[in-house]
Amino acid sequence: MDYVLTTDKLVKSYRGFKALDGLDMHIPKGAIYGFVGKNGAGKTTLIRLICGLQEPSAGGFTLYGIPNRRRDIAKARRRMGAVVETPSFYPDMSALENLKQQSLILGLPSFTGLEELLELVGLEDTGRKKARNFSLGMRQRLGIALALVGDPDFLVLDEPVNGLDPQGIVEIRELILKLNREQQITVLISSHILDELSRLATHYGIIDRGRMVKELSAGELEAACRKCVRLEVSDTRPLARVLDRAGMEYRILSGTAAEIYAQPKLSQLAAALSREGCELFSAQERDESLEAYYLSLVGGGHD
Ligand code: ATP
C-alpha cells in the first residue's frame, strides 16, 4: 500500500513526560484518516511534529516516503497543508487578501486560482468583509483555504469542528468529503469524538496516552460495532450447520457460544436446532455502539 505518512516508534518528551510514547501510524494515500483520542492523548503533538514545528525526541516518520531526518523532507512538506489548533489569518484583511498574502509567503509566482479556492470553501461571497468579522465556521473554512494555497495533496486538520454549531459542522464535513473525493486530497483529521469522525473517515487511528491503541479501516470499525445476537447452545457444531444453511453470518466463540450478525427468528432457529439434537439456552441482543467500542479500547475517565 502507498502511504502518505508513516511514523515509527515516534517519541516526544517534555521534560521527561512522554506526550508521544512510541507512536506507530500509517495513513494510506487517498484516505480520510480519523485520528481519535481524549484531550491530552497526543494528537496535536503528532501534528506539530509532522508539520516541522517541533522535533521528535526519538523514533521518526516518513512523509511521502521521505524520512524526517533527510533534508528533502522540506520538499515533501510542500505537498502538505495544515490547520493546527486555531486557524491563523490576518484579521484586518478580507478572505481574498489573506489568500494573496499566503501565496506571497509561499513564494508562489501568481495569484491564479485563489478565487476558485474561495469558491471551493464557500467564501466567494465575502467580498471586502474583514476576516475578524467572520463567524467561527467561516474562519475555519478560511483556515482550510489558506492551507490549500500551494495546492497540497495532504491536508492536516486539528479538531476542525471544535466549537462549531451543527450547521458549521455539516459544512466542514461536506468540504472535507469534497476535497477528498473531487481533488483526491488525503486528509488527516483529529478529534476527541469518534462518532463525529465516523461520518467521513475511511480509516481510523485511536491514540491513548501517546500510543496507538488501534488502527483500522471504516469497514473493520463497522464490523466491530454492528448489531449481533449472542447465542448459548448445547453444541455449536450443529448450530454452525443450521446457520450455514440459512446463509447467516456468524462467529463461533466456543463449543457452546456464538454470535450471529443478523436478526434470527428465534422460534424457527430453536426448531431447526432441535431437529439437529441441539438445545438453545439463551439469545441476547448486543449492540456495540461506536462510543462503547472506543471506550473498550481507551477506557473511560475524563475527556
Ligand atoms: P487536545 O485535544 O487537548 O489538544 P491532544 O491529544 O492534542 O489533546 P496534546 O496537545 O498533543 O494532546 O498534548 C499531549 C500531552 O502533552 C498533554 O498532556 C499536554 O499537557 C502535554 N504537552 C503538550 N505540549 C507541551 C509542552 N510544550 N510542554 C509540556 N507538556 C506539553
| task | Could you tell me what percent of the DSSP beta bridges with both partners in the chain are antiparallel, to the nearest 5? | result | 65 percent
| task | Identify, among 247, 231, 260, the residue whose Cα sits farthest towards the positive end of the charge dipole of segment 226-287, taking +1 on the Cβ of Lys and Arg and -1 on the Cβ of Asp and Glu, with the dipole about the Cα centre. | result | 247
| field | Shape metrics for segment 132-258, restricted to C-alpha atoms - Rg then Dmax, Å | value | 21.2, 69
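Work out, step by step, the length gained on full extension between residue 69 and residue 224: first 0.36 nm times the residue separation, then minus their alpha carbon distance; give nm to one decimal.
Fully extending the segment from residue 69 to residue 224 adds 52.0 nm.
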| query | Relative to the first principal axis of the alpha-carbon coordinates of the chain, what is the inclination of helix 95-106, with its axis defined by its Cα atoms, in degrees from 0 to 90 and to the nearest 10? | reply | 80 degrees
| Among 216, 98, 53 - extreme Cα towards positive end, dipole of segment 3-223, charges at beta-carbon | 53
| remark: For segment 226-287, averaging the sequence separation of alpha carbon pairs under 8 Å that lie six or more residues apart and dividing by its residue count, the contact order in percent is 51 percent
| message | Quick one: the Cα spread of the chain along its three principal axes, in angstroms, biggest first? | response | 79, 46, 36
| remark: Here segment 63-69 yields Karplus 3J(HN,Hα) values (6.51, -1.76, 1.60; θ = phi - 60°; whole Hz; Gly and Pro given as x) of 10, 6, x, 9, x, 5, 7
| query | What size of dipole, in debye to the nearest 20, comes out for the chain about its Cα centre when the only charges are +1 on Lys and Arg C-beta atoms and -1 on Asp and Glu C-beta atoms? | reply | 860 debye
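Taking only the Cα atoms of segment 244-294, how large is their convex hull per residue, in Å³?
99 Å³
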| query | Ranked highest first by the average count of other Cβ atoms within 10 Å around their residues, in what order do 171-183, 247-259, 1-13 fall? | reply | 1-13, 171-183, 247-259
| Ellipticity estimate at 222 nm from DSSP helix runs (n ≥ 4, -39,500 (n - 2.57)) divided over the chain, nearest 500 | -10000 deg cm²/dmol
| If you find the alpha carbon centre of segment 7-41 and of segment 127-148, how far apart are they in angstrom? | 28 Å
| Backbone HN-Hα couplings from phi across segment 146-154 [Karplus 6.51/-1.76/1.60, Hz, Gly and Pro as x] | 4, 5, 8, 5, x, 6, x, 10, 9
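Only the coordinates and a few stated rules stand behind these numbers; no lab work does. Keep in mind it's a predicted model, so treat the numbers as computed, not measured. No Cβ is skipped: glycine too gets one built from the backbone with ideal geometry, and neighbour counts run over all protein chains shown.
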